[in-house]
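All remarks here apply to the structure that follows.
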Amino acid sequence: MNKKCLVCANSYNPQDSGSFFNFKFCSDECEQKAEIEAKSAETGVHMYMCISPFPIRFSNGTETGATEIVVEGSKWRIDGSLARGLNKFHLENLSGRVDEKITWLEVDEQALSRHFQKI
Ligand SMILES: [Zn+2]
């Protein structure tokens, strides 16, 4: 019987889930996201909204050189625990959409203050 993932809301077969809590989450990734959400709720979340479009360039694998725009109005959460060391601030996209192209990005102080506003 399929279950509905508490994080991404996808229907999945618990037997295929890599999560330790395979009746709650479709994958280990979703389990980790849920953990981070819980932690953020405890520590106070720093949320930002994009106030001016912000182009970023993908540098991973096949999408090398492709530019995507961080759209105005999109919401982000600062999460230092996920930092990959590319820039000072690590932002996680909050839309929760499965087809989201930019799920995270890292920016410096200047880009943060120019393109994002605390909400
Ligand atoms: Zn999931």
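The values are calculated or read from the model by the stated rules, or taken from the named source; none is laboratory data. Keep in mind the model is a prediction, meaning the values are calculated, not measured. Cβ placement follows ideal geometry from the backbone for every residue including glycine, while neighbour counts extend to all protein chains displayed.
How about the stretch 82-119: which of its residues are in a helix (DSSP H, G or I) and surrounded by 11 or more Cβ atoms within 10 Å (Cβ to Cβ)? The answer is 82, 111, 112, 113, 114, 115.
Any residue at all in the stretch 1-22 that is in contact with a Leu (Cβ under 6 Å, 6 or more places away or on another chain), assigned to a loop (DSSP other than H, G, I, E, B), modelled with pLDDT of 90 or more and within 16 Å of the ligand (Cβ to nearest atom)? No, the stretch 1-22 contains no residue that is in contact with a Leu (Cβ under 6 Å, 6 or more places away or on another chain), assigned to a loop (DSSP other than H, G, I, E, B), modelled with pLDDT of 90 or more and within 16 Å of the ligand (Cβ to nearest atom). Among the residues here, residue 40 qualifies as more than 16 Å from the ligand (Cβ to nearest atom) and either surrounded by 13 or more Cβ atoms within 10 Å (Cβ to Cβ) or modelled with pLDDT of 90 or more (or both). The residue pairs whose first member lies in the stretch 23-35 and is within 6 Å of the ligand (Cβ to nearest atom), whose second member is not in a loop (DSSP other than H, G, I, E, B), and whose beta carbons are closer than 7 Å, counting only pairs six or more residues apart or on different chains, are 25/31; 25/34; 26/12. Scanning the stretch 64-81 for residues that are touching a strand residue (DSSP E or B) at 6+ places or on another chain (Cβ under 6 Å), modelled with pLDDT of 90 or more and in a loop (DSSP other than H, G, I, E, B) yields 72, 74.
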